[in-house]
Structures are given as C-alpha cells and as structure tokens.
Amino acid sequence: MDILAICLWSLCLLLLLAVLSFIVLCCYVKYMHVKYDYIPGPPRDSFLLGHAALIQKMTEQQKNPHDMFLQWMEKYGPVVRINAMHIVLIFISSPEAVKELLTTSKYSKDPQTYSKMFHLFGVRFLGTGLVSSLDYYHWHKQRRIMDPAFNRSYLISLMGTFNEVAEHLMEKLEEKADGKTQVSMYNMFARVTLDVITKAAFGMDYSSLDDVQNPFPRAVFLIMKGMLEQFRRPYMKILPKYKQFVQEVKDSVILLRRTGQECIRQRKNAMQKGEEVPQDILTQILKSAELEESIDEEAMVDNFVTFFIAGHETTANQLSSTLMELTRQPEILTRLQAEVDCFVGEKKNLEYEDLRKLQYMSQVLKESLRMYPPIPGTSRTLENSMMLEGIRVPANTTIVFNSYAMGRMEKFFSDPLTFNPDRFAPDAPKPYYCYIPFSLGPRSCIGQAFSQMEAKVILAKLLQRYEFEYVSGQSYEIMDAGTLKPRDGVQCTIKPRTNKYFS
C-alpha cells in the first residue's frame, strides 16, 4: 500500500511539474509576443506554435517554404517577424543591412542555428568545423590555414582531377544516351561531384559512379534530411515512429566520421614517414592541428565531414537546377552550346584558360544561383539592439538573410521569375548586396571558386556531347531537403548531339 501511495504521489508530482512547465512555456511565449509583435509579420496560426506548423506542413508536402517567406517579405516589408514557439526570427531584405551585418566580423553567426549542427540526434556531426564554429578567433585560425587549399594556383592544378572524373561521367551517360532511357540527372550529378571532392580534397578514389551500392550518396541524403528535421522537429528523436529514421541518420554520420578518421590517420602516417603528399584539403586539416594545439582528431574530423558534404551537395544541386532550367530555355541553351563549341571544340581535357573564356556559361551559372541557390540563406545575431529600415530590432535577436527570397524580389531584379543570364553580363549593373548565394564577407564560402570551376568543366562536357529532354510529368519545382534542389530529380532522356564531336 505504501508503494502504491508513493507511485501515485510521484505520478501526481510529475503531472504537476508538466503542467507548471507548460504554464512557464506559455508565459515565455507570451513574453516573446509582447517583445516582438510591433515588428510587421504574418498572423500566427496558433498562440504556441506560431508559424512552425505551417512551415513543417509545407516541408512534408515537398513544397518550398521559401516561396512563402518571399510572399511575406514582399507583403510586410524589409523587416519581417516569424514565430516558432518561443523562437522569433527576423527576416531582412535590406541591402544596407546585408552590407552592415555580413561584410564584417563584428556580428557572429547565430548560435540558435549553428550550435544545432554540432550534434545530429546526439551524434557529433559538424562539431567546430568551418561552417559551424561560433568562436570567431578559432574559426579565423582554421580559415587562414585552409586558404592555401583554395588558392588559384592549387585550384588550377586540380583541372586534371576535374577532367578525369567528369570524363567518367560522360562515359556512364554514353551507356544511357539512346533517347529513351530515363536518367535522374540529380543522382548522376550527386555521384560525380562526390567523386570529385573525395579525390581532389582527400585523395580517396571511391568512384560512386561505378558502384551503385556506394553508401555515401545515401548517407549524405539522410544527413541533410536529418539536419532539416532536427531544426524543425527536434522532438522526433524521442518518438517511436521516427526511431528507424533517426538511427539511419546517426549511422550515416558515424560512417562519415569513421571514414574521416581513417583518412586522417593514413595521411598523418604518410607525413610522418616523410612521404610526398598533395597540398589538398586533407593536408591542410592536419596542418591546422599542428599550428593550433586545441585541434584534436575529433576537430579534424569535423572539417572532413564539413568539406565532404558541402563540397559536393551544393554543386550537385546547382548543376541539377541549371540543367532543369536549360531544358525549357532553347535560346539560352543554343547560345551556351555555341560558346562551348567555339572555345572548347573537340577537347576532352579542358584547361583553366578555357574556363575563363566561357563567359556566358558563368552568367548562366550565376543566374541559376540567383533563382535556385542551394543554400537558401544565412543568419547572424544582434548582440545589441539596432535600427534596421526604420525599425528597432531588440538585442539578442536572430537575423535571417534569405538569398532565395532576395534573388526573386522585383525591387532588386526586374522580371525576377524570368531566367535571364544577361543580367550578369560584364557590362550589366552589379547587384547591390542582394545576391548572396555564397554569403558575403569573412565567412563567405571558402569553396566557391572550387565549385564553380568544377561546375563549368562538367557542364561544358555535357553540352559538348549530349542533348537532354526533360521527361514529361515532372514539375519544375524546388524542395527544401536541407539544401534546395529540384523536387523530381531532373529525369531526362539523353542522346548524342548530331554532327558534333564524339557523336
């Protein structure tokens, strides 16, 4: 009887604590409403969840919530409040704010966002790598050490790798180029860019183009989806119905981290033996550990995973979106093919100077990033209150810069939903702090030159040899799966170009 009484009292106490916790949460949410409701924003769908349920519903339906953010920003102005329970995000579409907050090191990355990348469902993920590090001085040391792996001379030396792996893609596509076989070009781009980054950055030769059982493409897909879900549904790790998915995500992170540990140890042994090693990203990761005592093996693995994922996912998405758009832009495609024919001709091995001549291709890739940026935005934290577009934003507020929305706003780009590469022509006016696919300032993407060189080599070879037809029944819509990518995978039929090289 005493035991039963104790159990009942314990249950009552737990229920009381739960009720009190809920009341405290509701009070805090109300406080946040009072604190921020003077800032323009859409009506909340519910007192407690704010806009979170609507955003989650769109994600589950494979719709793009950034289109909704764009509508809100156009309706409510350059400073827009969005609520998610106790969290308030302020979306900014102000070039002056972009210039002020992104181009200096004064404003730190938002800990509310980037600290969640340290672990993924309890397993160490990006840790203190270049993307997720919040300590500016720690980040700056790492960035300075990593810079040589991305300088112009070293990138030029990678042209052989770019050509070799891209040529292998051409061979795989040749097997399917009968004009009938449906090919997911997103899947092919994901595999070729994975092979490029693993070979160029880490000296690995996994050839996922040959091995359909290669676990890494699926691992990266699961990790990106898991990261998105961790942001939007952090509670899912404790719900039984998500147990299998959460475990698959954790296993994928473990696979990448174990692979990184193995690569780091092998390269470290080679360096200790005095063997000649490439001055690639992996070598620079080891050098960063030598020059900064606080970097242990786990921290080195953080950067391995960071570059492994970022080094191929974003480029694959960009190439997929670009090809998707070209299939419905015959005039742009013809002009692009003419440029490739003129400056590349029958070459199988492109040189760096060839890439520099492909000016129109640069414009096409930039326009693709305007309309379909793989990374939809970035965020910063205001440590002190600040006037933005005439509205005082409180201290300790998360500021979000949505590159997808800003790239599609009429006030920044005329006829913004029209794919027009000429808006990036050399003599065209430059966008004023509203085009930020790689972010801006000291924490802009270190690999942007790498990715655009790689994209040019792959796209030039594709246009040199093949014609693509978009399979009917697909949409041209974009989905948010951690990064922005074509929803239907860019299913195409392929055939050789007639009366052209390699036909």
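The values are calculated or read from the model by the stated rules, or taken from the named source; none is laboratory data. Remember, it's a predicted structure, so these values are computed and weren't measured experimentally. Here the Cβ is made from the backbone with ideal geometry for all residues, glycine too, and neighbour counts use every protein chain on show.
Brief remarks follow.
- Hits in segment 405-446 (condition: touching a strand residue (DSSP E or B) at 6+ places or on another chain (Cβ under 8 Å) and either polar (S, T, N, Q) or under 26 Å from MET32 (Cβ atoms) (or both)): ALA405, SER439
- Hits in segment 95-125 - residues which are crowded, with 16+ Cβ neighbours inside 10 Å, charged (D, E, K, R) and under 13 Å from PHE401 (Cα atoms): GLU100, LYS109, ASP110
- The single condition among (1) on the phi < 0 side of the Ramachandran plot; (2) in contact (Cβ under 8 Å) with a residue 12 or more places away in the chain that MET85 does not satisfy is (1).
- Which numbered condition ASN349 misses (of (1) of a type outside the set (Phe, Trp, Tyr); (2) part of a helix (DSSP H, G or I); (3) farther than 27 Å from THR104 by Cα): (2)
- When we screen PRO95, PRO42 for residues that are within 17 Å of ILE399 (Cβ to Cβ) and touching a helix residue (DSSP H, G or I) at 6+ places or on another chain (Cβ under 9 Å), the only hit is PRO95.
- When residues of segment 445-469 are limited to those that are out of contact with any helix residue (DSSP H, G or I) (no Cβ under 7 Å at 6 or more places or on another chain) and closer than 30 Å to GLU60 by Cα, the one surrounded by the fewest Cβ atoms within 10 Å (Cβ to Cβ): GLU469
- Segment 159-203, subset in contact with a strand residue (DSSP E or B) (Cβ under 9 Å, 6 or more places away or on another chain) and of a type in the set (Ser, Thr, Tyr), residue surrounded by the most Cβ atoms within 10 Å (Cβ to Cβ): TYR186
- Qualifying residue in segment 364-379 (condition: among the polar types (S, T, N, Q) and at pLDDT 95 or above): yes
- LYS461 meets each of the listed conditions (1) within 30 Å of ASP135 (Cβ to Cβ); (2) touching an Asp or Glu at 6+ places or on another chain (Cβ under 9 Å); (3) assigned to a helix (DSSP H, G or I) apart from (1).
- Residue within segment 18-37 that is within 40 Å of the chain's Cα centre (by Cα), closer than 18 Å to PRO394 by Cβ, part of a loop (DSSP other than H, G, I, E, B) and in contact (Cβ under 8 Å) with a residue 40 or more places away in the chain present: yes
- Complete set of residues in segment 155-209 that are part of a helix (DSSP H, G or I) and among the hydroxyl-bearing types (Ser, Thr, Tyr): SER157, THR161, TYR186, THR193, THR198
- If you go through segment 456-498 and keep only what is more than 17 Å from ALA316 (Cβ to Cβ) and among the hydrophobic types (A, V, I, L, M, F, W, C), you end up with LEU463, VAL471, ILE494.
- Pairs where the first residue, in segment 309-320, is touching a residue at least 24 places away in the same chain (Cβ under 8 Å) and buried (at least 24 other Cβ atoms within 10 Å of the Cβ) and the second is acidic (Asp, Glu) and assigned to a helix (DSSP H, G or I), C-beta under 8 Å, 6+ apart: THR315/GLU454
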